[in-house]
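Peer 1: Have a look at the structure that comes next, please.
Only the coordinates and a few stated rules stand behind these numbers; no lab work does. Since this is a predicted model, take the numbers as computed values, not measurements. Because the Cβ atoms are built from the backbone with ideal geometry, glycine has one as well, and the counts that use them run over all protein chains shown.
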Amino acid sequence: AQSVTQLDSQVPVFEEAPVELRCNYSSSVSVYLFWYVQYPNQGLQLLLKYLSGSTLVKGINGFEAEFNKSQTSFHLRKPSVHISDTAEYFCAVTPPGTASKLTFGTGTRLQVTL
Amino acid sequence: GAVVSQHPSRVICKSGTSVKIECRSLDFQATTMFWYRQFPKKSLMLMATSNEGSKATYEQGVEKDKFLINHASLTLSTLTVTSAHPEDSSFYICSARTRTGSDEQYFGPGTRLTVT
């Protein structure tokens, strides 16, 4: 079984500041890793994913994440946030080759202010 | 591409009635669809996995007789909440996996169910 831990339930940050949202996972097998964003009363939108290859993954809206196998982490970063980045962010994992049952973290609320 | 819609976006129903939520893949065929439930300020909880033409697989603790799932075609899955109660009020989100077997899921916009 897999589990995902998002240590920060809320992250307040000023506009144009950098941000890092933390994600750690636990799994006895290799996994694929995902970051999703959810705006209020909306579904989830894929930001980026790591399947294999380069451990630094670039996604949409200027976000990137780095897979660190030794630390079992997949932290999400953005060098300069915008007000419109205010949303809930979910980290998720799934073992490859299954019916893609995603295991989600509890989410991190990114609150960007002026 | 890879758009998933849900209908309705919001629904209010009285306790004891049933409500149906539709999930459609608009521009691709989805052999597998997933239904999630999200409580306020909580993560998504997988309720069931729906495969076209076969019975849904429910997660532990989810009542299959209460949450009826039908995946009648490659583009449509429905979730029916039967005999709804206020505790069923929640945000229900579906996702669809493409027929190509990609591990990516595409999520619908969600349905807000309020049972009064």
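Peer 1: Based on what the data block shows, is B:E63 over 15 Å from the mean Cα position of the chain (by Cα), of a type in the set (D, E) and not in a strand (DSSP E or B)? Please lay out each step first, then the result.
Peer 2: Numbers: over 15 Å from the mean Cα position of the chain (by Cα): no; of a type in the set (D, E): yes; not in a strand (DSSP E or B): yes.
Judged against the criteria, B:E63 is not a match.
Peer 1: Within the stretch A:89-105, work out how many residues are surrounded by fewer than 21 Cβ atoms within 10 Å (Cβ to Cβ) and not polar (S, T, N, Q).
Peer 2: Of the residues in that region, 5 qualify.
Peer 1: Run down A:Y39, A:Y50 and say which single residue is surrounded by 12 or more Cβ atoms within 10 Å (Cβ to Cβ), within 14 Å of another protein chain (Cβ to nearest Cβ) and touching a Leu at 6+ places or on another chain (Cβ under 8 Å). Break it down into steps so the answer makes sense when it comes.
Peer 2: On the way: A:Y39 fails: touching a Leu at 6+ places or on another chain (Cβ under 8 Å).
Just a single option satisfies the conditions, and that option is A:Y50.
Peer 1: Output yes when any residue across the stretch B:87-94 is closer than 22 Å to A:F34 by Cα, in contact with a Ser or Thr (Cβ under 6 Å, 6 or more places away or on another chain), part of a loop (DSSP other than H, G, I, E, B) and within 14 Å of another protein chain (Cβ to nearest Cβ), and no when none is.
Peer 2: Filtering the stretch B:87-94 for residues closer than 22 Å to A:F34 by Cα gives B:91-94.
From what is left, the residues that are in contact with a Ser or Thr (Cβ under 6 Å, 6 or more places away or on another chain) are B:92.
From what is left, the residues that are part of a loop (DSSP other than H, G, I, E, B) are none.
Scanning the stretch B:87-94, I find no residue that is closer than 22 Å to A:F34 by Cα, in contact with a Ser or Thr (Cβ under 6 Å, 6 or more places away or on another chain), part of a loop (DSSP other than H, G, I, E, B) and within 14 Å of another protein chain (Cβ to nearest Cβ), so the answer is no.
Peer 1: What strands (runs of 3 or more DSSP E) lie completely within chain A and have 3 or more residues being touching a Phe, Trp or Tyr at 6+ places or on another chain (Cβ under 8 Å)? Outline the logic, then answer.
Peer 2: On the way: elements: A:3-5, A:10-14, A:19-21, A:24-26, A:32-38, A:44-50, A:56-58, A:64-68, A:73-78, A:87-94, A:108-113.
Fully inside chain A and qualifying: A:3-5, A:32-38, A:44-50, A:64-68, A:73-78, A:87-94, A:108-113.
Peer 1: Let me spell it out: the conditions are (1) more than 12 Å from chain B (Cβ to nearest Cβ); (2) of a type in the set (G, A, S); (3) surrounded by 13 or more Cβ atoms within 10 Å (Cβ to Cβ), and A:S80 meets all of them except one. Which number is the exception?
Peer 2: Among (1) more than 12 Å from chain B (Cβ to nearest Cβ); (2) of a type in the set (G, A, S); (3) surrounded by 13 or more Cβ atoms within 10 Å (Cβ to Cβ), the lone unmet condition for A:S80 is (3).
Peer 1: Take A:V57 and tell me if it is out of contact with any His (no Cβ under 6 Å at 6 or more places or on another chain), farther than 25 Å from B:I93 by Cα, within 14 Å of another protein chain (Cβ to nearest Cβ) and free of Cβ contacts under 8 Å to residues at least 60 places away in the same chain. Quick ask: steps written out before the conclusion?
Peer 2: Numbers: out of contact with any His (no Cβ under 6 Å at 6 or more places or on another chain): yes; farther than 25 Å from B:I93 by Cα: yes; within 14 Å of another protein chain (Cβ to nearest Cβ): yes; free of Cβ contacts under 8 Å to residues at least 60 places away in the same chain: yes.
Yes: the conditions hold for A:V57.
Peer 1: Which of (1) within 14 Å of chain A (Cβ to nearest Cβ); (2) in contact with a Lys or Arg (Cβ under 8 Å, 6 or more places away or on another chain); (3) assigned to a loop (DSSP other than H, G, I, E, B) does B:P109 not meet, given it meets every other one?
Peer 2: Every listed condition holds for B:P109 apart from (2).
Peer 1: Against the condition crowded, with 22+ Cβ neighbours inside 10 Å and under 20 Å from A:F104 (Cβ atoms), how does B:S95 come out, does it pass?
Peer 2: Values: crowded, with 22+ Cβ neighbours inside 10 Å: yes; under 20 Å from A:F104 (Cβ atoms): yes.
It is true that B:S95 is crowded, with 22+ Cβ neighbours inside 10 Å and under 20 Å from A:F104 (Cβ atoms).
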